Structure formats: structure tokens, C-alpha cells
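> Sharing a structure with you now.
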Amino acid sequence: MTQLKGWRDIPIGGVILEGGNAVEYRTGGWRAFRPVFGQAPCIHCFQCWLFCPDSSILVDAENEKMAGFDLDHCKGCGICASVCPVNAKVIRQAGEKLNRDDPRLCIRMVEEGKME
Amino acid sequence: MSKYEALTGDQAVATAMRQINPDVVAAYPITPQTETVEFFAEYVANGEVTTEFICVESEHSAMSACVGASLAGARVMTATSSQGLALMWEIVYIAASYRCPIVMSLVNRALSGPINIHCDHSDVMGMRDSGWIILFSENCQEAYDNIIQAVRIAEHPDVLLPVVVCQDGFITSHAMERVEVYDDAEVQAFVGTYRPKWSILDVDNPKTYGALHFYDYYYESKRQQAEAMAHAQRPILEVTNEFNRQFNRHYGLFEAYRLDDADVAIVVANSTAGTTKVVVDSLRAQGLKVGLLKPRVFRPFPAKELANALCHLKAVGVMDRSIAFGSMNNAGPLFLELTAALAIHGVHIPIADYIFGLGGRDIKPGEIESVYRDLLRIAETGKVERLVTYLSVRE
Ligand code: SF4
Ligand code: SF4
């Protein structure tokens, strides 16, 4: 945790003087649900990366692979799980509705802090 | 060379705006401010100013555009009244907390409801804690002069707060008066060029404006804003004194009219102060020692200075053109602030509040005289029988 500054030491008007420092603000603590991998294998289509509103999908650029979740900033919105085409194709019984934490999924949303 | 022109209050403000030639004006017409926007739009159309005039679809958008332009480093002005200000509300607070030196002409008009288009001060009193510097103007000349000074006050590096300049709806805004209009070049030299500290358009030095402040920094940001307001008086007076010297005026935090040797005085802002001066003169001619204090700078509230100016009196009457509903005795905001200021500075004199002129109800010299007579009685007995009186309301 960085040392919090006093009111005399911060720029007026709430301006942040350096660019690109949102990364220092760890919003992961706001999360109620956490994305984790399930059984269905990822096809590295990057749909989750494209849609994640918090730039929290990690990418292995060299190997062009989706590489997991940045849990310091992921807010657990579940958009990645919603857009994941592998999730959509998980075989289910007629009329069956999958829970968001179903182990058969590719991206599962599990309750934060709950032991599995 | 300055010249005298017959101008309405709205026109006087538009004239000042033409001379200031701000970078951006975003405004929406609303009675009784409309003329200002109309005149200014004409200046834009005629090429008399180089201002980017943004025709918006509402006052909420007007103030939003002002904030955006101000953060971009522009010198920004706007004008509104009553409901227009009410619609701006959300962004009015944001303008102050982002420290945008925006200048607003506010033509005071009663807030709905019931709907009304005429003068009272309920609109400005609603923004009194919003973080804007608030200046009152008795007449067209003062409105014109205050607008010019407001630019310098707002942009003063030790202030950087938005400033609102008030004048009374219709009474001042639509009354034609003799106004001394200064030379364009002189006004331009006085206001100078705005050199913003930062600009959102400075892409080589990216900054974040309007970031979320939680329990970790919101409080510090507000503490800083309080500090800016607490120290705004000195720069306000610096600008005022420079203006006085250059244009031969006598502005201060307030105007004291025949106050020094008075026994009783009325405190009243804007146009009614003008009527009150006439009453003071006529009562003085009868040998009654009455005076007037006309506030000019309402925010930051000059508590100590007001207490000093009033401490020799035997009774003070505040005339409020709005009601602070549910406050102590449903008194007016000016009264509430002034009584607190006097008490804190150890001035214990009888004081009473007189609500008047709501929704444009006419206030006549006879009624102001009745206030003085009341105050003279209070001075004699030392007793305030009615803390709040509603002047000229039908029973
Ligand atoms: S849960 Fe939301 S924030 Fe977290 S990685 Fe998925 S899309 Fe991004
Ligand atoms: S959307 Fe699903 S399949 Fe595509 S990269 Fe993300 S996790 Fe892998």
C-alpha cells in the first residue's frame, strides 16, 4: 500500500498528474465473484480479452494465448464468462440451465472466498 | 476612453462578455437572463468575438460543457436564472470541486413552485454551499463591473474557483440604466490572458480529471477546497482594488452607506439596496440616524468584517429575499449567516429578519421605512418582539 498523502500535498481539483497509473489502484477487492478455469479447454479466441471492461484478461503475447485473470483488478463482473464461446458450447441436457460455477464450463464464476 | 451607454442589466453583462471575449460560452436561454444570451449570440454571429458559442439543449449540458472546456484550459462563461441553475445543480458542485474558474451571470429569479419568473434570491441561496464565489450587484453598472472582476478573481492562481455574479431579475436585468462602458482594450488588458495550470488537451502530459475519490482522498480534496475559499478574500480584494484604481470605482467586500454614525441599519443585497439608500437619505433629513450595509461578496462570507462594520449599532435589520425553510424561525439565509457571524465575533446587538419581495413582489420605500421605524423602536427598548417579519404579505 502506498503512503496516503495529506491535503496540502495533492494537486488541486482532484487531478492525477501522471498518466497510466490506474494499474496502481487495486480494485480486485471489490469482487464478489471470481473467474476461474473449469474443465472445458480454452480455444484462445480472445473474446474475453476483447470484452473485459477492466483489462483483466492476461495474455501470453508471444505464444498468442489467453493466460488467466489479473485478480488485482478483475471486478468479477462475469462478462468474460458470458462471452466465452466455449462456455456456450458446453454440452448440456435438453432444457438444462448451467450454473455459473458449473465445473464443465471453460470460465466459471465462483463465489469469492468460498472454499471449493 | 470610456463612454456612457443606456443598457439593461442583461445587456451590460453581454457587453462585458463581448469585451472579455472568452474562449467558450455555453448557455441556454431562460427568463430573465435570455437577453444576455441573445445579445452574445449576436456578437458571435457578427464576428465581434472569437468565442466558441455552444448552443446546448439544457442547462445541465451548459454547465457540463463549461466544465469540459474549462478543464481543456479555456476561459469559460455562462449565464442562467432560477430553474436553469436548478437544472445545472449537479455540475455546479463539480465545477467548484474541479476548481474550474468559470464565470456565471445569474439573474436572480424565484425558484418554482409555484412557477414564477420574477425576482427573488431563492436560486442563488440554493448554491450558497456549492463552493462558488458569490458576488451581488445593486444595478447594471455593478453587474458589468463585477463580471469583469469575476474573471480575474476566478482565475487568480490562489483562488481557481468559479464565480457567480448576481443581479435582480427584471428589476436590474430589464431596467435600462446609464452604464459607464470602458474601452474594449482597457477591459482586455485588465482581464489579460488566462494561463491554465493544466489542460486536458495537453496530450504529451496526460492527466486524469474527475477520478474517483473514496474515503481515502475525498475528504482531503474537500479540505483543500475549504482552504481555497478560506483564503479567497485576499485575492478578491487585490483584484477589486486594482479595478477600483484603474476604473475609478469604490468596491469592497460590502458597501457601507451612511453607516458610521448610524444607530440602526438595514443589511440588504442587490437592487433593494438602491431603494434603501433613498429611504436612508429621507430619514436622515428628518434627523434619524439610519444607515445601510449592502453585501457584495457573499461567498466567502466576510464574517469578521461585517461584525466590525455593524458592532456600533443599536439594532440591525436584515432583509432577506428568500426563506431558508425549516431553519431557525424560518428565517432567511442572510440573517442566519449574519447572526452567527455577530455572535461568534462577540457582537450582541438586537437583530431581526424581514422577508420581502418573494416572486417579484414589489418592495416600496414606505415598507423599507417601516423596517427602519421598527428598528428604531427595537433600539430604544432593546427587545426584538418578532424575529422574522414577512413584509407586505397579505394576511
Ligand atoms: S470477471 Fe469481468 S473483470 Fe474479471 S476478468 Fe472477467 S470480464 Fe474481466
Ligand atoms: S473467451 Fe473463452 S475460449 Fe476465448 S480466450 Fe477467453 S476463455 Fe479462452
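Each reported figure results from applying straightforward, stated rules to the coordinates on display, with no laboratory input. If you're wondering where the values come from, they're calculated on a predicted model, not measured in any experiment. Using ideal geometry, Cβ is built from the backbone for each residue, glycine included, and neighbour counts are taken over all protein chains shown.
> Within 10 Å of each residue's Cβ, count the other Cβ atoms and sort A:PHE46, B:PHE335 from fewest upward. Don't skip to the answer; put the middle values down first.
Numbers: A:PHE46 13, B:PHE335 26.
Ascending number of Cβ neighbours within 10 Å: A:PHE46, B:PHE335.
> Counting DSSP beta bridges with both partners in the range B:214-362, what percentage is antiparallel, nearest 5? Mind showing how you got there, number by number?
Values: 4 of 17 bridges.
Percentage antiparallel, nearest 5: 25.
> Could you put B:SER122, B:SER130, B:SER82 in order, starting from the residue whose Cβ has the fewest other Cβ atoms within 10 Å?
Fewest-to-most ranking of B:SER122, B:SER130, B:SER82: B:SER130, B:SER122, B:SER82.
> Still on this structure: Do any of B:LYS304/B:LYS383; A:LYS5/B:LYS207; B:LYS289/B:LYS314; B:LYS277/B:LYS304 go past 20 Å between their Cα atoms, and which? Show your work: numbers first, answer last.
Working: B:LYS304/B:LYS383 24 Å; A:LYS5/B:LYS207 18 Å; B:LYS289/B:LYS314 11 Å; B:LYS277/B:LYS304 24 Å.
Over 20 Å Cα-Cα: B:LYS304/B:LYS383; B:LYS277/B:LYS304.
> Among B:ALA26, B:VAL278, B:THR8, which residue has its Cα furthest toward the positive end of the charge dipole of chain B, with +1 on Lys/Arg Cβ and -1 on Asp/Glu Cβ?
B:VAL278
> Evaluate the Debye formula for the range B:3-246 with equal point scatterers sitting on the alpha carbons, no solvent, and hand back log10 of I(q)/I(0) at q = 0.16 Å⁻¹, in q order, two decimals.
For the requested q values the scattering log ratios are -1.15.
> Another one. Among B:PRO196, B:ILE236, B:ASN308, pick out the residue whose Cα is farthest towards the positive end of the charge dipole of chain B, where Lys and Arg carry +1 and Asp and Glu carry -1 on C-beta, about the Cα centre.
Projecting each Cα onto the dipole axis, the largest value belongs to B:ASN308.
> Right, something else. Please turn the phi angles of the range B:225-231 into ³J(HN,Hα) values with the Karplus equation 6.51 cos²θ - 1.76 cosθ + 1.60 (θ = phi - 60°), one per residue in order, whole Hz, x for glycine and proline.
Using θ = phi - 60°, the values come out as 5, 5, 5, 4, 5, 4, 9 Hz.
> Counting DSSP beta bridges in the protein assembly as shown, what percent are antiparallel, to the nearest 5?
Numbers: 21 of 57 bridges.
In the protein assembly as shown, approximately 35 percent of DSSP beta bridges are antiparallel ones.
> Right, something else. Report the local net charge at B:SER282: Lys and Arg +1, Asp and Glu -1, summed over other residues whose C-beta lies under 12 Å from its C-beta.
+1
> Net charge within 9 Å of B:GLY332 by Cβ-Cβ distance, Lys/Arg positive one each and Asp/Glu negative one each, not counting B:GLY332 itself?
On the way: positive: B:ARG321; negative: B:ASP320, B:ASP353.
Here the count lands on -1.
> Select from the range A:7-79 those GluC sites (Glu not before Pro) which occupy a DSSP coil region and have at most 12 other Cβ atoms within 10 Å, ordered by residue number.
Values: sites: A:GLU18, A:GLU24, A:GLU62, A:GLU64; in loops: A:GLU18, A:GLU62, A:GLU64.
Sparse-neighbourhood loop GluC sites (Glu not before Pro): A:GLU18, A:GLU62, A:GLU64.
> Another one. Choose one of A:CYS77, A:PHE37, A:GLN93: the residue whose Cα lies farthest towards the positive end of the charge dipole of the range A:7-111 (beta-carbon charges +1 Lys, Arg; -1 Asp, Glu; about the Cα centre).
The listed residue farthest towards the positive side: A:GLN93.
> Hey, another quick one. If you place +1 on the Cβ of every Lys and Arg and -1 on the Cβ of every Asp and Glu, how big does the dipole about the Cα centre of chain B come out, in debye to the nearest 20?
Values: 33 positive and 48 negative charges, 200 e Å.
About 960 debye.
> Using θ = phi - 60° and the Karplus form 6.51 cos²θ - 1.76 cosθ + 1.60, what ³J(HN,Hα) does each residue of the range A:67-72 get, whole Hz, x for Gly and Pro?
10, x, 10, 8, 7, 6
> Amide H to amide H, which residues 5 or more places from B:ILE351 or on other chains are under 5 Å from it, using H placed in the peptide plane?
When sequence neighbours closer than 5 places are left aside, the close amide H contacts are B:VAL316.
> When each pair of different Cα atoms in the range B:1-124 is counted once in the 1/r mean, what is the Kirkwood radius in angstroms, to one decimal?
Details: mean 1/r = 0.0683 Å⁻¹.
Every distinct Cα pair counted, the radius reaches 14.6 Å.
> Roughly how tilted is helix B:365-381, in degrees to the nearest 10 and between 0 and 90, from the longest Cα axis of chain B?
Once rounded, one gets 60 degrees.
> Another question about this same structure. With just the Cα atoms of the range A:7-111, tell me how far they stretch along each of the three principal axes, in Å, largest first.
In descending order, the Cα extents are 63, 32, 15 Å.
> Taking the Cα centre of the range A:7-111 as origin, sum charge times position over the Cβ atoms of Lys and Arg (+1) and Asp and Glu (-1), and report the length of that vector in debye to the nearest 20.
520 debye
> Pick out which of B:PRO29, B:PRO157, B:PRO114 has the largest mean-square fluctuation in a Gaussian network model of chain B, springs linking Cα atoms closer than 10 Å.
B:PRO114
> Nearest-5 percent of antiparallel DSSP beta bridges in chain B? Walk me through the intermediate numbers first.
Numbers: 11 of 47 bridges.
Expressed as a percentage, antiparallel bridges in chain B total about 25.
> Using the alpha-carbon centroid of each, what span in Å lies between the range B:76-91 and the range B:130-177?
14 Å
> Per residue of the range A:15-24, what does 6.51 cos²θ - 1.76 cosθ + 1.60 with θ = phi - 60° give for ³J(HN,Hα)? Whole Hz please, x for Gly and Pro, Karplus curve as stated.
After applying 6.51 cos²θ - 1.76 cosθ + 1.60, I find 6, 9, 7, 9, x, x, 10, 4, 4, 6 Hz.
> For the protein assembly as shown, taking Cα atoms only, what is the radius of gyration to one decimal and the Dmax to the nearest whole Å?
For the protein assembly as shown, the Cα radius of gyration and maximum Cα-Cα distance read 29.2, 101 Å.
> Right, another one. Taking H placed 1.01 Å from N in the peptide plane, check which residues at least 5 places from A:LYS65 or on another chain put their amide H under 5 Å from its amide H.
Under 5 Å from the amide H of A:LYS65: A:ASP60.
> For the protein assembly as shown, give the magnitude of the charge dipole about the Cα centre (Cβ charges: +1 Lys/Arg, -1 Asp/Glu; no others), in debye to the nearest 20. Intermediate results must be reported in sequence, preceding the final value.
On the way: 47 positive and 63 negative charges, 233 e Å.
It comes to approximately 1120 debye.
> Going by C-beta contacts inside 10 Å, put A:TRP30, B:TRP132 in order with the fewest on the left.
Sorted ascending by nearby Cβ count, the order is A:TRP30, B:TRP132.
> Here's something else I'd like to know. Around B:CYS66, what is the net charge, scoring Lys/Arg as +1 and Asp/Glu as -1 over all other residues with Cβ under 12 Å from its Cβ?
Numbers: positive: B:ARG75; negative: B:ASP23, B:GLU52, B:GLU59.
Value of the local net charge: -2.
> If we sort B:51-59, B:73-81 on the protection proxy, mean other Cβ atoms within 10 Å, highest first, what's the order?
Values: B:51-59: 16.3, B:73-81: 26.9.
Ranking the peptides B:51-59, B:73-81 by packing returns B:73-81, B:51-59.
> Between the range A:49-116 and the range B:368-395, what is the separation of their alpha carbon centroids in Å?
74 Å
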